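All of the numbers you see were taken from the coordinates with simple rules; none came from a lab. Keep in mind that what you see is a predicted model, and the values were worked out from it rather than measured. Cβ sites come from the backbone with ideal geometry, for glycine too, and all protein chains shown count toward neighbours.
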Amino acid sequence: MTVRVLTLNLQHGLPADGSGPPDAASLAEAVVGLDADVVALQEVDRGQARSGRADQARVVADALGTPWVRFAPGFVGSARGLRRRPRPGDGDRPGYGVALLSRLPVLSWHVRPLRPGPPRVLERHGDGWSVLGRYARVDPWRVCLAAVVRTDDGPLAIGCTHLSVDVPTARRQLAESAAALRVLPGRHVLLGDLNLAGEDAERASGMRALAVAPTFPAHRPRREIDHVLAGPGVQAVGPPRTSQLAVSDHLGLAVDLSLR
């Protein structure tokens, strides 16, 4: 059986040309042509004022006609104000995180919180508050969301994550994500914006890169930070494909997978 997977950093639906704030109708129009059995999204808003308080995972799922969808917040609260680590019972509180959408039946969902890295002191350029030209950057909580889907060749565990921009932290978060994914049944695939180069991502995860292409920034792609990684028993069928949408500063990255 061949399964097409796609990963996309959605940038909370921000128009690629900077023409205005995100809205649900424009987001739906931008993604409607995507063709994949499983779609992994990063930088997804739910209930945020900056994106019209839309449930963006649901907007994309409805546009693509995918019946199985799940959103997992890295944090809950306002993207432009107070936020905290998610807790059980948060329900549909506003949040920001990752999402998985599937045409294939989902047998189970799984969420793994990922610890942030240490605060960093950076130089401040431009407007804003700073002390002696420097400011503190607090690394946000991250999350890995996984679905075990049913295929004709048995279960397939697919994970989605968006890792820290701090490279040592991203390596540690990727190793944790891959280890958590491997305990799930079936073969294993991990998708997402990993903020790591290809060889670095393979070493940290212990998985193989099945799709390698520059995807960032969208207007002149030169960095390979969006990945499709796989464990044993999964092969790429043909080369990866990238797609430029009317939203986001990333290209979408898709590849067909064989599970035989």
Relative contact order of the chain: what whole-number percent is it, with Cα pairs under 8 angstrom and at least 6 residues apart?
21
Per DSSP helix of 4 or more residues, -39500 (n - 2.57); summed, then divided by the residues of the chain. What does that give at 222 nm, rounded to the nearest 500?
-4500 deg cm²/dmol
For the chain, with a Gaussian network of springs between Cα atoms less than 10 Å apart, report the residue from Val247, Val98, Val59 with the top mean-square fluctuation.
Val59
In the range 48-115, the trypsin sites (Lys or Arg not before Pro) that sit in a DSSP loop and have at most 15 other Cβ atoms within 10 Å of their own Cβ are Arg53, Arg80
Residue-span extension gain [Ala136 to Arg93] - 0.36 nm each, minus C-alpha spacing
12.8 nm
Please say if the range 11-110 is rounded, prolate or oblate, where rounded means a/c under 1.5 for a ≥ b ≥ c the square roots of the C-alpha gyration tensor eigenvalues, and otherwise the choice is prolate for a/b larger than b/c and oblate otherwise?
oblate
Compute the distance in nm between two label points, each set 7 Å from the Cα along the Cα-to-Cβ direction, one at Ala197 and one at Val183.
3.3
Net charge around Val106, counting only other residues with Cβ within less than 14 Å of its Cβ (Lys, Arg = +1; Asp, Glu = -1)?
+2
Segment Arg241-Asp62, extension gain: residue separation times 0.36 nm, minus the distance between their alpha carbons:
62.1 nm
Rounding to the nearest 10 and keeping the result within 0 to 90°, find how far the Cα-based axis of helix 167-182 lies from the longest principal axis of the chain.
30
